[in-house]
Amino acid sequence: MRRRIAMAACVFLLSCGLILGGCGEKNKVVNYDDETGDIVDITFFGNKYEPENVAVIEEIISDFMKENPDIRVSYESLKGSEYFEALEKRMAAEKGADVFMVNHDVVLDLAADGKLADLSGLKTISGYTGLMLDQMDEDGKIYWVPTTVSVFGLYCNMDLLDENGQKVPDNLNEWVQVLDYFKGKGVTPVIANNDISLKTLAIGRGFYEVYQEGRENEVFESLNAEEESLSTYLSSGFSLAEEFVRKGYIDAQAALHTEKTSDDLEQFVKGESPFMLTGAWAAGRVKLMEPDLSFQVVPYPLLDDGPLVVINADTRLSVNADSEHVEEAERFVEYFTGADNIQKFADQQASFSPLKEGSPSSVEEIRPLIPCYQSGRTVLGADGKLDMPIWKLTAQASVGLLSGEPLDTVMDWMDTQAGQEGSTQE
């Protein structure tokens, strides 16, 4: 799915009302203003393609161009895995955009190849929290900046729980009791997708104690040096995922064909299952899909003594080091990461702000996540200190489990791949 926004001198456009019929469907804003003076064109490539996301990006771009009339920005987006495949091909062909969105795994490759500009000089860097700065720092350089802190949560159908006399689970024992109750009624209780559902469950349960004990630097150094195996920490989480599949709490075959924050949302709004494991950033979309559905997004009830949240520094922006307009691209990224724009973007994304003075999204349904986040019961889904593409590896391991492969086989494969992928980063 491809969407493109062509923007230029939007102040003139919007004030004159020159918007072509049907442009809303194609997410295009077209300029008919006479160009005067020297204008620098920069391109922005991303994986935020939903109309509501694009609208916020469009607004930020338009405001930037009002303040910087010498720069024109165009935004193009692709959906999901298609985006990262296209980004990889374009960068390899030296046809990358000036500014683009990245994730942990992509940064490993592009930074190693010298494709990312150092953004440590941006004026907005000092506004980030210590946790975010720690993630961004790479030997004194910064190759990406986040615009949100995404949270992965358990969606709960409050009507279905109330009708059956069940409550929102706060720990693993309570969750299993509710799961057994619905399974006994012939209901598959957990909607899962083929990407982020099982892997965030496994990463959260597997690395929680490491973060709570403050041992993440030590552990990740050991994993990077291949002194320990990834499965040493993630087997417990994937074992729980396997148990959920084996007991019928999750329909493995259905999950294999369920795309994240897309197919899973469509299943959840039918109101037939009490739970869904996916990104909290989709809460606004769920509300729009079914306004009468009463739901909450709560922390993962994965521990005996309570819940946890899995988070990521997200919607990361990088600047192409080979761009002919690095200075202008950095000006745009600096503007995008200003406090007002970060808050606007995080609020629309039903996410948290990565800034020290930022606030969580005002979306009511995700508010149960806030106390757990603020109390530090958190795990980073893709920690910047890990020199291996954990996001991709754990997604592939999840597919292996859903396909019926034995846990030991999946864990052995993951460890082998982690060693091979890690060695390519040296």
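The values are calculated or read from the model by the stated rules, or taken from the named source; none is laboratory data. Note that this is a predicted model, so its numbers are computed, not measured. Because the Cβ atoms are built from the backbone with ideal geometry, glycine has one as well, and the counts that use them run over all protein chains shown. Remember, those area values only see protein heavy atoms, side chains included, never the ligands or the DNA or RNA. Shrake-Rupley method; radii C 1.70, N 1.55, O 1.52, S 1.80 Å.
Select from segment 197-229 the residues that are part of a loop (DSSP other than H, G, I, E, B) and either among the charged types (D, E, K, R) or buried (at least 24 other Cβ atoms within 10 Å of the Cβ) (or both) and list them in ascending order. Residues satisfying the conditions are Glu213, Arg215, Glu226, Glu227, Glu228.
Among the residues of segment 238-276, those that are open to solvent by less than 10 Å² (accessible area, probe 1.4 Å) and either of a type outside the set (Ser, Thr, Tyr) or in contact with a Lys or Arg (Cβ under 7 Å, 6 or more places away or on another chain) (or both) comprise Phe238, Ala241, Phe244, Tyr249, Ile250, Ala255, Asp264, Leu265, Phe268, Pro274, Phe275, Met276. Once segment 80-101 is narrowed to residues that are touching an Asp or Glu at 6+ places or on another chain (Cβ under 9 Å) and in a loop (DSSP other than H, G, I, E, B), the residue that is nearest to Val333 (Cα to Cα) is Asp98. Each residue in segment 320-354 was checked for being among the hydrophobic types (A, V, I, L, M, F, W, C) and closer than 17 Å to Ala97 by Cβ, and 6 of them qualify.
I'd like the full set of residues that are outside any loop (DSSP other than H, G, I, E, B) and surrounded by 15 or more Cβ atoms within 10 Å (Cβ to Cβ), limited to segment 372-395. Within segment 372-395, Cys372, Tyr373, Thr378, Val379, Leu380, Ile390, Trp391, Lys392, Leu393, Thr394, Ala395 meet the criteria.
Restricting Val149, Val107 to those that are part of a helix (DSSP H, G or I) and in contact (Cβ under 8 Å) with a residue 40 or more places away in the chain reduces the list to Val107.
Taking helices (runs of 4 or more DSSP H) as the structural unit, those lying wholly within segment 242-331 and holding at least 1 residues that are at pLDDT below 95 and of a type in the set (A, V, I, L, M) correspond to 283-289. In segment 198-235, the residue that is nearest to Asp264 (Cα to Cα) out of those that are in contact with a helix residue (DSSP H, G or I) (Cβ under 7 Å, 6 or more places away or on another chain) and of a type in the set (Ser, Thr, Tyr) is Ser235. With the structure loaded, tell me whether Glu421 is free of Cβ contacts under 8 Å to residues at least 40 places away in the same chain, farther than 23 Å from Leu78 by Cα and open to solvent by less than 50 Å² (accessible area, probe 1.4 Å) or whether it fails that test. So Glu421 passes the test. Return yes when Asp109 is open to solvent by less than 30 Å² (accessible area, probe 1.4 Å) and at pLDDT below 95 and no when it is not. Against the criterion (open to solvent by less than 30 Å² (accessible area, probe 1.4 Å) and at pLDDT below 95), Asp109 does not qualify. List pairs: first residue in segment 343-358 and over 12 Å from Tyr128 (Cβ atoms), second residue open to solvent by less than 10 Å² (accessible area, probe 1.4 Å) and among the charged types (D, E, K, R) anywhere in the structure, Cβ distance under 8 angstrom, at least six positions apart or on different chains. Within 8 Å, no pair qualifies. Taking segment 230-241 as the range and being within 22 Å of Cys372 (Cα to Cα) and assigned to a loop (DSSP other than H, G, I, E, B) as the test, no residue passes.
Of all residues in segment 140-196, those being more than 26 Å from Arg285 (Cα to Cα), open to solvent by 30 Å² or more (accessible area, probe 1.4 Å) and among the β-branched types (Val, Ile, Thr) number 1.
Here's the yes/no breakdown for (1) of a type in the set (Val, Ile, Thr); (2) under 21 Å from the mean Cα position of the chain (by Cα); (3) modelled with pLDDT of 95 or more:
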{"residue": "Gly46", "(1), (2), (3)": "no, yes, yes"}
{"residue": "Glu52", "(1), (2), (3)": "no, yes, no"}
{"residue": "Val56", "(1), (2), (3)": "yes, yes, no"}
{"residue": "Ser62", "(1), (2), (3)": "no, no, yes"}
{"residue": "Asn68", "(1), (2), (3)": "no, no, yes"}
{"residue": "Ile71", "(1), (2), (3)": "yes, no, yes"}
{"residue": "Ser81", "(1), (2), (3)": "no, yes, no"}
{"residue": "Gly96", "(1), (2), (3)": "no, no, yes"}
